[in-house]
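Just below is one structure, and these are the notes that go with it.
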Amino acid sequence: MNNTGKERVDEVSQYYAPIKTLGTISMVLFWSNAALSFVMPYSVSILGKVGTDILQAFFLVLVLTYFSISQVSSLYLVPRAELMRRKNLLSDSFGVPLSHEHTSLYYNNSFSPSVQRLGANTMENALFSKEIASKMLGRKRVIILGYLLGWFFAFSLRYDNLQLLMWITQLVFSAEIISEWLKLEILRFRHERTYEELYYHFLHKIGQDSSRAIANVLNALVNYEAAKSNAGILLSTKDFQELNPILSNRWKKICQELDIKHDMD
């Protein structure tokens with residue numbers, strides 16, 4: 001995934017653009033809902049009954065909008081983008097065009113079209129994905145810790161304000177904060193396992209025409225794609241751009257260790 005020396009082309013990235021846009025909107029809606037959920041229990045004393053009714057209606061609209069955007073992204077946009085990326089992976093691996101989108105320097109190995117090239121491409125994907133997920137998890141864990149501390153603090157006040165606790169609990173669980181964190185943890189773990197499986201596959205130099213080699217690569221590919229599908233999480237483009245130079249150099253060294261000819265060699 002290096003772009004050193006030549007221009008990197010990735011036409012498949014156009015399918016991820018609307019996901020990023022909706023992701024930004026969802027983030028704004030999420031934090032708006034978070035703020036309103038803490039204000040809501042005190043809205044009667046601040047805004048009165050009429051103001052509270054309006055605020056609750058507005059809050060409901062925001063929640064429904066957030067839910068709708070989330071579903072459109074996870075049920076349609078993300079699967080479509082991942083389908084196009086999967087087609088591109090297979091097209092590059094076997095030299096058979098499965099779509100009109102073109103990529104250049106997205107995968108960096110010099111295997112001829114074969115199962116071995118598919119394995120190397122999947123291994124490179126797994127390397128980048130597990131490291132990006134790890135970087136994302138650093139922020140996600142801080143957010144989770146903050147919410148848990150906030151929840152326990154509110155509970156420890158013992159004001160018997162059940163409505164406040166209800167809103168905090170709703171925010172933590174119905175907004176799927178913990179669920180998304182766990183999905184990201186599992187995604188990182190499964191990508192790391194896929195990477196390790198393919199690393200040892202190339203380390204032991206299993207013949208590319210053997211049934212065992214084909215089975216190993218296809219099993220790793222299925223595990224990698226299944227992990228992405230089950231998580232339904234889009235990895236951060238910003239984190240990718242920050243990590244790309246470092247991971248590209250690491251991938252080049254890995255290729256040297258495993259006698260995989262790198263395209264930039």
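The values are calculated or read from the model by the stated rules, or taken from the named source; none is laboratory data. Remember, predicted model here, so these are calculated numbers, not experimental data. Glycine gets a Cβ as well: all are built from the backbone with ideal geometry, and neighbour counts include every protein chain shown.
Brief remarks follow.
- Residue in segment 197-210 that is touching a helix residue (DSSP H, G or I) at 6+ places or on another chain (Cβ under 7 Å), among the charged types (D, E, K, R) and in contact (Cβ under 8 Å) with a residue 60 or more places away in the chain present: no
- SER70 vs. criteria within 21 Å of the chain's Cα centre (by Cα) and within 21 Å of LEU247 (Cα to Cα): no
- Residue within segment 256-264 that is at pLDDT 90 or above and crowded, with 17+ Cβ neighbours inside 10 Å present: yes
- Residues in segment 125-144 that are within 30 Å of ASN88 (Cα to Cα) and hydrophobic (A, V, I, L, M, F, W, C): ALA126, LEU127, PHE128, ILE132, ALA133, MET136, LEU137.
- Identity of the residue in segment 181-232, more than 29 Å from LEU145 (Cβ to Cβ) and of a type in the set (S, T, N, Q), that ends up nearest to the chain's Cα centre (by Cα): ASN223
- Verdict on ARG141 being within 23 Å of ASN249 (Cβ to Cβ), at pLDDT below 95, in a helix (DSSP H, G or I) and assigned by TED's automatic domain parsing to the domain that holds ASN223: no
- Among (1) in contact with a helix residue (DSSP H, G or I) (Cβ under 8 Å, 6 or more places away or on another chain); (2) among the hydrophobic types (A, V, I, L, M, F, W, C); (3) without any contact (Cβ under 8 Å) to a residue 40 or more places away in the chain, the one test that LEU83 misses: (1)
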